[in-house]
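Participant: Quick one: the structure is below, and I'll ask about it shortly.
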Amino acid sequence: MTTKTVEQVELGRFLNLTARRFDAGCPAPEMFSPAIDGEWHRLLNSSGYQAFCAEHAGRQIGHAANAGAGEISWVRAYEELFGPLPEIWFTDQHGRLDHEGLAHYRESGTVVAEWDCSPVPGDEAAPKRQTATPTP
């Protein structure tokens, strides 16, 4: 049995949520965490990525450039499945925690962030730019 890092655990949860959103006809979730995205990039280039996707999403999930900014659309769905977002979602690729972003999330239950990629079904290409619409 292989021990997974917190980044791998959270990436697995993200891919699980992605598959659920695709099945429901919802748009791709935004990948806003540099720490988790860094792990995603590492796994994408490994021989184990297909098995990782199968384990967590039940299918292949692709990765595409898709820059945007705004409220992260999938936070409530994540919380319903897994509980509150852990700190790793607010951590950059160098291990620095975004204290302000984390505090905002804990106080409001929302995440407002920038992203530069998102998942796509299989190897499909994603749109180049997406901007979230503000919640009323």
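Participant: Which ones in segment 60-83 are surrounded by 12 or more Cβ atoms within 10 Å (Cβ to Cβ) and not aliphatic (A, V, I, L, M)?
Facilitator: Q60, G62, H63, N66, G68, G70, E71, S73, W74, Y78, E79, F82
Participant: Every residue in segment 93-112 that is among the hydrophobic types (A, V, I, L, M, F, W, C), within 17 Å of E10 (Cβ to Cβ) and assigned to a helix (DSSP H, G or I), please. Full working, then the answer.
Facilitator: Of segment 93-112, the ones among the hydrophobic types (A, V, I, L, M, F, W, C) are 97, 102-103, 111-112.
Subset that is within 17 Å of E10 (Cβ to Cβ): 97, 102, 111.
Of everything in segment 93-112, just one residue is among the hydrophobic types (A, V, I, L, M, F, W, C), within 17 Å of E10 (Cβ to Cβ) and assigned to a helix (DSSP H, G or I), namely L102.
Participant: Name the residue that is least open to solvent (accessible area, probe 1.4 Å), counting only residues in segment 84-123 that are acidic (D, E) and in contact (Cβ under 8 Å) with a residue 24 or more places away in the chain. Steps first, answer last, please.
Facilitator: Taking segment 84-123 first, the residues acidic (D, E) are 87, 92, 98, 100, 107, 114, 116, 123.
Cutting the leftovers down to in contact (Cβ under 8 Å) with a residue 24 or more places away in the chain gives us 92, 114, 116, 123.
Working: D92: 34, E114: 142, D116: 95, D123: 145 Å².
Only one residue fits best here, namely D92.
Participant: Let me ask another. Answer yes or no as to whether E10 is over 24 Å from D98 (Cβ atoms) and either in contact with a helix residue (DSSP H, G or I) (Cβ under 9 Å, 6 or more places away or on another chain) or not in a helix (DSSP H, G or I) (or both). Step through it out loud before you land on a result.
Facilitator: Values: over 24 Å from D98 (Cβ atoms): no; either in contact with a helix residue (DSSP H, G or I) (Cβ under 9 Å, 6 or more places away or on another chain) or not in a helix (DSSP H, G or I) (or both): yes.
Considered against the rule, which asks whether it is over 24 Å from D98 (Cβ atoms) and either in contact with a helix residue (DSSP H, G or I) (Cβ under 9 Å, 6 or more places away or on another chain) or not in a helix (DSSP H, G or I) (or both), E10 comes out as no.
Participant: Within 15 Å of P27 (Cβ to Cβ), at pLDDT 95 or above, within 13 Å of the chain's Cα centre (by Cα) and assigned to a loop (DSSP other than H, G, I, E, B) - does that describe any residue in segment 83-92?
Facilitator: Kept after step one, since they are within 15 Å of P27 (Cβ to Cβ), are these residues of segment 83-92: none.
Scanning segment 83-92, I find no residue that is within 15 Å of P27 (Cβ to Cβ), at pLDDT 95 or above, within 13 Å of the chain's Cα centre (by Cα) and assigned to a loop (DSSP other than H, G, I, E, B), so the answer is no.
Participant: Checking the structure you have, find out if any residue of segment 43-51 is of a type in the set (A, V, I, L, M), touching a residue at least 12 places away in the same chain (Cβ under 8 Å) and under 20 Å from V6 (Cα atoms).
Facilitator: To start, the set of residues in segment 43-51 that are of a type in the set (A, V, I, L, M) comprises 43-44, 51.
Next, only the ones that are touching a residue at least 12 places away in the same chain (Cβ under 8 Å) stay: 43-44.
Add one more test, that the residue is under 20 Å from V6 (Cα atoms), and what stays is 43-44.
Scanning segment 43-51, I find at least one residue that is of a type in the set (A, V, I, L, M), touching a residue at least 12 places away in the same chain (Cβ under 8 Å) and under 20 Å from V6 (Cα atoms), so the answer is yes.
Participant: List every residue pair whose Cβ atoms sit under 6 Å apart, with the two residues 6 or more apart in sequence or on different chains, where the first one lies in segment 28-40 and is over 15 Å from E114 (Cβ atoms) and the second, anywhere, is open to solvent by less than 10 Å² (accessible area, probe 1.4 Å) and assigned to a helix (DSSP H, G or I).
Facilitator: So the pair list comes out as E39/L11; W40/L11.
Participant: Let me ask you something else. With the condition kept exactly as written, say whether any residue in segment 65-82 is modelled with pLDDT under 95 and within 18 Å of Q8 (Cβ to Cβ).
Facilitator: no
Participant: Being hydrophobic (A, V, I, L, M, F, W, C), part of a helix (DSSP H, G or I) and touching a helix residue (DSSP H, G or I) at 6+ places or on another chain (Cβ under 8 Å) is the filter here, so list the residues in segment 33-74 that pass it. Working first, answer last.
Facilitator: Residues of segment 33-74 hydrophobic (A, V, I, L, M, F, W, C): 35-36, 40, 43-44, 51-54, 57, 61, 64-65, 67, 69, 72, 74.
Narrowing the set further to residues that are part of a helix (DSSP H, G or I) leaves 35-36, 40, 43-44, 51-54, 57.
If the condition is that a residue be hydrophobic (A, V, I, L, M, F, W, C), part of a helix (DSSP H, G or I) and touching a helix residue (DSSP H, G or I) at 6+ places or on another chain (Cβ under 8 Å), then A35, I36, W40, L43, F52, C53, A57 are the ones that fit.
The values are calculated or read from the model by the stated rules, or taken from the named source; none is laboratory data. Given the structure is predicted, the values throughout are model-derived calculations rather than measurements. Glycine also receives a Cβ, built like all others from the backbone with ideal geometry; neighbour counts cover every protein chain displayed. Note: areas computed on protein heavy atoms with side chains; ligands, DNA, RNA excluded. Shrake-Rupley method; radii C 1.70, N 1.55, O 1.52, S 1.80 Å.
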